[in-house]
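*Asks:* Below is the structure I would like to discuss, written out as structure tokens.
The values are calculated or read from the model by the stated rules, or taken from the named source; none is laboratory data. Because the structure is predicted, anything quoted here is derived from the model rather than measured. Positions of Cβ are generated from backbone atoms using ideal geometry, with glycine treated the same way; all protein chains shown enter the neighbour counts.
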Amino acid sequence: MRHPALPLLTGLLLLSPTHGRAATPVVESTVLVTGGQDMLLPEAQIANLDAGDLVAGSTRWDNDGDGIFFNETRVGFLWSPLRPAQAFGISQSLYDNPSFYFPAAISNTSAVAGTAVFRLQFQSLPWLWAPAGGLQFLPLPCPGPPPTVTGGPSTDCSGSATGVSADGAAVAGQVIDSLGDAHAARWKFPRGKKPRPSLEVLSNSDGWSDGLAISADGRVVVGESGISAARWMDGVPQALETVGDFSTAALTSADGSIALGGAFLEGRIVLVRWDATGAAQVTAPAEGWTLESLRATNPTATAAVGALSSNGNWAPFLWTLAGGFQILPELGREVDYDNSEAVGLSDDGRSVVGTVQASVISNGDPPSVAFLWTADGGQFPLNDLLAAAGFVDPDFFQALAISRNGRKILATGNPPGTLNDTNSLIITLQAP
């Protein structure tokens with residue numbers, strides 16, 4: 001049962017595309033994310049723009065310098081303006097063992113956590129890469145040694161990594177044992193030059209659980225257990241108030257005290273915020289809308305972004321604890337764009353990045369467009385901001401991340417460059 005004083009039901013405010021357009025952001029500088037000579041078309045996927053402009057993704061890779069790039073394999077890479085892009089050194093045969101490496105999160109210490117999918121074995125493995133220690137597959141709940149980088153999968157178990165602590169010493173995710181049972185997990189790395197991670201299977205009373213996010217200090221993991229949202233503190237389950245028919249905690253505040261997620265309630269998905277005691281506060285979209293995705297939150301979990309949908313049409317939103325849901329504009333073409341989403345926000349919740357896009361495009365229309373929305377100025381296509389800064393015919397069709405102060409944005413597009421360019425750009429805006 002939900003406490004009658006806890007639900008906070010609010011409507012949606014459709015923000016005008018021309019609201020306050022006088023406060024136009026100005027591009028101060030740009031940096032092109034580039035790959036090394038052994039990389040072909042590296043694709044940026046995630047970023048930490050507050051710890052040295054760290055960008056991670058996956059790329060085709062020439063592992064032995066013979067000029068052959070295997071399309072069947074994508075290895076991970078990390079890039080920053082201070083050093084060339086570094087591929088995660090996979091030494092198994094790329095031809096005999098095709099695999100895809102998907103980065104999920106970057107720590108403040110340049111450690112990258114993610115999941116590798118091995119296509120021939122229909123298997124996934126969690127991993128952590130760090131500049132000093134290289135790539136390590138994380139331990140799994142199977143007898144014998146963990147899989148090695150040189151050998152690839154050598155186990156009946158599998159798993160995934162979804163988050164990493166700020167110092168790179170703890171990773172959250174899921175492990176699947178040899179019987180097919182899935183459990184939320186946390187891996188911990190002791191201090192040392194080449195630390196060996198330990199696996200902690202997080203206890204739960206259900207036959208299935210998953211870890212989806214981790215706090216900055218690595219002590220708190222949130223996710224789901226059975227049909228209910230779950231939170232673990234130092235490996236110990238903490239009770240979260242039951243909401244709806246099923247629920248999940250997808251995000252956490254930086255200190256781990258707040259969990260943010262969704263619940264199926266009265267025929268649709270609503271947003272739920274669980275506080276430090278486990279009490280739930282519910283925010284329902286306006287009638288006819290449901291929560292489709294929850295992509296990011298600020299450190300205090302008082303603002304979040306993602307997508308809402310109505311009759312299957314997605315629209316980007318900003319949610320705040322004080323104001324509820326706000327649907328963000330879609331360049332005045334809300335009827336045409338049906339697959340749009342907001343993916344990142346600043347700490348104060350006043351700057352949001354995302355992409356307006358359609359599920360069906362005819363002759364290039366409507367084009368996918370990366371956007372910045374600000375509380376002071378409304379919506380701005382990144383293409384317009386770059387054109388005003390001197391870019392010739394910019395075409396940036398996806399926004400990936402924004403810094404905590406709202407001044408740096410990572411976007412993907414088609415700027416001039418060589419085949420080894422990622423076609424991704426870090427855009428720095430002038431301070432207000």
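*Asks:* Being within 17 Å of Thr355 (Cα to Cα) and more than 15 Å from the chain's Cα centre (by Cα) is the filter; apply it to the range 302-311 and report the residue that is surrounded by the fewest Cβ atoms within 10 Å (Cβ to Cβ).
*Replies:* If we take residues in the range 302-311 being within 17 Å of Thr355 (Cα to Cα) and more than 15 Å from the chain's Cα centre (by Cα), then Ser309 is surrounded by the fewest Cβ atoms within 10 Å (Cβ to Cβ).
*Asks:* How about the range 58-110: which of its residues are among the hydrophobic types (A, V, I, L, M, F, W, C), crowded, with 21+ Cβ neighbours inside 10 Å and at pLDDT 85 or above?
*Replies:* Of everything in the range 58-110, those that are among the hydrophobic types (A, V, I, L, M, F, W, C), crowded, with 21+ Cβ neighbours inside 10 Å and at pLDDT 85 or above turn out to be Val75, Phe77, Leu78, Trp79, Ala85, Ala87, Ala104, Ala105, Ile106.
*Asks:* Let me ask you something else. Would you tally the residues in the range 181-238 being in contact with a strand residue (DSSP E or B) (Cβ under 6 Å, 6 or more places away or on another chain), farther than 28 Å from Thr300 by Cα and either free of Cβ contacts under 8 Å to residues at least 60 places away in the same chain or of a type in the set (D, E, K, R) (or both)?
*Replies:* Residues in the range 181-238 being in contact with a strand residue (DSSP E or B) (Cβ under 6 Å, 6 or more places away or on another chain), farther than 28 Å from Thr300 by Cα and either free of Cβ contacts under 8 Å to residues at least 60 places away in the same chain or of a type in the set (D, E, K, R) (or both): 4 in total.
*Asks:* Got a sec? Which of Glu241, Glu287 is more than 21 Å from the chain's Cα centre (by Cα), part of a loop (DSSP other than H, G, I, E, B), without any contact (Cβ under 8 Å) to a residue 24 or more places away in the chain and not assigned by TED's automatic domain parsing to the domain that holds Gly163?
*Replies:* Exactly one residue qualifies, and that residue is Glu287.
*Asks:* If we scan the range 245-259, do we find a residue that is free of Cβ contacts under 8 Å to residues at least 24 places away in the same chain and touching a Lys or Arg at 6+ places or on another chain (Cβ under 8 Å)?
*Replies:* Looking for residues that are free of Cβ contacts under 8 Å to residues at least 24 places away in the same chain and touching a Lys or Arg at 6+ places or on another chain (Cβ under 8 Å), one finds none in the range 245-259, hence no.
*Asks:* Among the listed residues Leu240, Leu212, which satisfies the condition of being farther than 22 Å from Leu135 by Cα and either surrounded by 17 or more Cβ atoms within 10 Å (Cβ to Cβ) or modelled with pLDDT of 95 or more (or both)? Steps first, please.
*Replies:* Working: Leu212 fails: farther than 22 Å from Leu135 by Cα.
Of Leu240, Leu212, the one residue that is farther than 22 Å from Leu135 by Cα and either surrounded by 17 or more Cβ atoms within 10 Å (Cβ to Cβ) or modelled with pLDDT of 95 or more (or both) is Leu240.
*Asks:* From the list Gly20, Gly36, which residue is at positive phi, at pLDDT below 95 and outside any strand (DSSP E or B)?
*Replies:* Among Gly20, Gly36, only Gly20 is at positive phi, at pLDDT below 95 and outside any strand (DSSP E or B).
*Asks:* Condition (residue is crowded, with 23+ Cβ neighbours inside 10 Å, within 15 Å of Thr115 (Cβ to Cβ), of a type outside the set (Phe, Trp, Tyr) and modelled with pLDDT of 95 or more) applied to the range 176-191: is it met by at least one residue?
*Replies:* yes
*Asks:* Which of the following residues is under 25 Å from Leu49 (Cβ atoms) and either basic (Lys, Arg) or touching a residue at least 60 places away in the same chain (Cβ under 8 Å) (or both): Ser293, Ser346, Ser351?
*Replies:* Just a single option satisfies the conditions, and that option is Ser346.
*Asks:* State whether the residues of the range 141-148 include one that is modelled with pLDDT of 85 or more and in contact with a strand residue (DSSP E or B) (Cβ under 6 Å, 6 or more places away or on another chain).
*Replies:* There is at least one residue in the range 141-148 that is modelled with pLDDT of 85 or more and in contact with a strand residue (DSSP E or B) (Cβ under 6 Å, 6 or more places away or on another chain).
*Asks:* Follow-up. Kindly check whether there is at least one residue in the range 261-268 that is farther than 14 Å from Trp232 by Cα, aromatic (Phe, Trp, Tyr) and at pLDDT 95 or above.
*Replies:* Within the range 261-268 (the criterion being farther than 14 Å from Trp232 by Cα, aromatic (Phe, Trp, Tyr) and at pLDDT 95 or above), the answer is yes, since at least one residue qualifies.
*Asks:* Let me ask you something else. What strands (runs of 3 or more DSSP E) completely inside the range 42-136 contain at least 2 residues that are within 16 Å of the chain's Cα centre (by Cα) and among the small types (Gly, Ala, Ser)?
*Replies:* 54-61, 99-106, 112-118
*Asks:* So for the range 252-274 (the condition being outside the structural domain of Arg404 (by TED's automatic domain parsing), of a type in the set (S, T, N, Q) and surrounded by fewer than 22 Cβ atoms within 10 Å (Cβ to Cβ)), does at least one residue qualify?
*Replies:* Looking for residues that are outside the structural domain of Arg404 (by TED's automatic domain parsing), of a type in the set (S, T, N, Q) and surrounded by fewer than 22 Cβ atoms within 10 Å (Cβ to Cβ), one finds at least one in the range 252-274, hence yes.
*Asks:* Would you pick out the residues in the range 356-406 that are in contact (Cβ under 8 Å) with a residue 60 or more places away in the chain, assigned to a strand (DSSP E or B) and among the hydroxyl-bearing types (Ser, Thr, Tyr)?
*Replies:* Thr374
*Asks:* Which of the residues belonging to the range 324-378 are over 24 Å from Asp393 (Cβ atoms), of a type in the set (A, V, I, L, M) and surrounded by fewer than 15 Cβ atoms within 10 Å (Cβ to Cβ)?
*Replies:* Val335, Val360
*Asks:* Kindly indicate whether Ala389 is more than 17 Å from Ala296 (Cα to Cα), modelled with pLDDT of 95 or more, small (Gly, Ala, Ser) and surrounded by fewer than 18 Cβ atoms within 10 Å (Cβ to Cβ).
*Replies:* The answer is yes for Ala389.
*Asks:* Take Leu308 and tell me if it is within 28 Å of Trp373 (Cβ to Cβ), in contact (Cβ under 8 Å) with a residue 60 or more places away in the chain and in the same structural domain as Ser340 (by TED's automatic domain parsing).
*Replies:* yes
*Asks:* Could you list, in sequence order, all residues of the range 275-301 that are closer than 20 Å to Trp232 by Cβ and buried (at least 17 other Cβ atoms within 10 Å of the Cβ)?
*Replies:* Ala280, Leu294, Thr297, Ala301
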